[in-house]
Amino acid sequence: MSFIHKTEQRKEPPMQADLYAPLFRFLESLIAAKIPEDEQKNIINIFKPIRLNKKELFIKEGDIPTALAFNVSGLLRCYYIDTKSNDVTKYFYFEGSIISYSGLLLKKASKYYIEALEDCVLLYVDYRSFELLTQDSFFWLKIIKTMQQHALIYKEERESSFLLETASERYVNLLHRYPYIEQRINLGHIASYLGISQVSLSRIRGKLRKI
């Protein structure tokens with residue numbers, strides 16, 4: 001497993017006219033409006049395309065995060081190693097996801113690893129440059145507020161799923177949200193995300209096939 005965290009080491013994919021279109025659509029979905037032309041230019045100026053190969057790490061435990069990214073294509077996984085040396089999946093970053101983490105906001109060492117499960121193309125931005133871009137901007141204030149609301153909703157739904165749902169219900173709900181997840185992610189990672197063993201997940205899948 002290789003690791004890259006310095007901007008100058010990252011491989012830049014060829015520039016494409018539509019490379020930023022997914023990011024623009026994502027931001028427009030948050031504010032229900034078109035992005036002003038000057039803001040589009042600002043985004044293109046500071047978000048730089050990079051390529052991450054399968055199994056490459058975006059960040060590893062112990063590193064001080066300095067950047068965030070938008071996932072244009074591919075799939076990544078955020079995980080940590082628990083006290084029993086188990087690999088525990090915390091998030092999956094599908095296309096259209098913002099790759100950010102608490103260590104970046106707190107300016108503290110990361111507790112997590114973020115690994116590319118597939119070859120990925122990201123739009124990568126230094127966090128300090130992002131702060132300067134968003135400073136005193138009503139446009140970005142609205143976007144950041146909406147993203148914070150979405151993050152809070154996700155956190156509460158995730159917590160309630162472990163408190164109020166069975167493992168089978170969590171699995172079924174995951175399939176409803178991501179119908180093709182099993183074609184892209186191995187069952188061990190999926191089981192870990194659901195908080196169960198791979199053996200338990202196999203039993204659940206077997207029972208559901210009989211229904």
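The values are calculated or read from the model by the stated rules, or taken from the named source; none is laboratory data. Predicted model, so just to flag it, every value in this text is computed and none were measured. Because the Cβ atoms are built from the backbone with ideal geometry, glycine has one as well, and the counts that use them run over all protein chains shown. Surface areas here come from the heavy atoms of the whole protein model, side chains and all, with no ligands, DNA or RNA. Shrake-Rupley method; radii C 1.70, N 1.55, O 1.52, S 1.80 Å.
Straight-line reach from LYS145: which lysines fall under 26 Å, measuring Cα to Cα and dropping same-chain residues less than 8 apart?
Correct list for LYS145: LYS34, LYS41, LYS48, LYS90, LYS107, LYS108, LYS111, LYS155.
With axes computed from alpha carbons, what is the tilt in degrees of helix 167-177 against the longest principal axis of the chain, rounded to the nearest 10 within 0 to 90?
The two axes meet at around 40 degrees.
For the residue pair ASN53 and GLU182, what label-to-label distance in nm results when each label sits 7 Å from Cα along the Cα-to-beta-carbon direction?
Output for this residue pair reads 3.2 nm.
Among 135-144, 79-88, 97-106, how do they line up by average Cβ neighbours within 10 Å per residue, starting with the highest?
Details: 135-144: 13.2, 79-88: 11.2, 97-106: 15.8.
Per-residue mean Cβ counts within 10 Å order the peptides as 97-106, 135-144, 79-88.
When the chain is fully extended, how far beyond the present Cα-Cα distance does ARG209 get from LYS145, taking 0.36 nm per residue of separation?
Details: separation 64, 0.36 × 64 = 23.04 nm, distance 4.19 nm.
Gain on stretching ARG209 to LYS145: 18.9 nm.
About the Cα centre of the range 61-183, what is the dipole size in debye to 20, counting +1 per Lys and Arg Cβ and -1 per Asp and Glu Cβ, all else neutral?
Details: 13 positive and 17 negative charges, 78 e Å.
My answer is approximately 380 debye.
Expressed as a rounded percentage, what relative contact order does the chain have, with Cα pairs under 8 Å and six or more residues apart?
21 percent
Taking the highest mean first, how do the peptides 201-209, 66-74 order by number of other beta carbon atoms within 10 angstrom per residue?
Ranking the peptides 201-209, 66-74 by packing returns 66-74, 201-209.
Give me the percent of the accessible area of the chain that comes from carbon and sulfur atoms, probe 1.4 Å, all protein chains in place.
C and S fraction of accessible area: 54 percent.
Which value, in Å², gives the accessible area per residue of the chain when a 1.4 Å probe is used on the protein heavy atoms? Walk me through the numbers on the way to the answer.
Numbers: 12380 Å² over 211 residues.
Averaged over the residues of the chain, the accessible area is 59 Å².
For the range 64-111, what relative contact order do you get, as a whole percent, if you take Cα pairs closer than 8 Å and at least 6 residues apart? Walk me through the numbers on the way to the answer.
Working: 76 pairs, mean separation 22.4, N = 48.
That works out to 47 percent.
With a ≥ b ≥ c taken as the square roots of the eigenvalues of the C-alpha gyration tensor of the range 54-130, please select rounded if a/c is under 1.5 and otherwise prolate if a/b is larger than b/c or oblate if it is not?
oblate
As an exercise, use a Förster radius of 41 Å and the Cβ-Cβ distance of ASP38 and LEU105 to find the FRET efficiency, rounded to the nearest 0.05.
In this case the efficiency is close to 0.95.
Which value, in debye to the nearest 20, gives the size of the charge dipole of the chain about its Cα centre, when Lys and Arg are +1 and Asp and Glu are -1 at the Cβ?
700 debye
Applying 1/(1 + (r/R0)^6) with R0 = 22 Å to the Cβ-Cβ distance of THR66 and GLU28, what FRET efficiency is obtained, to the nearest 0.05?
0.20
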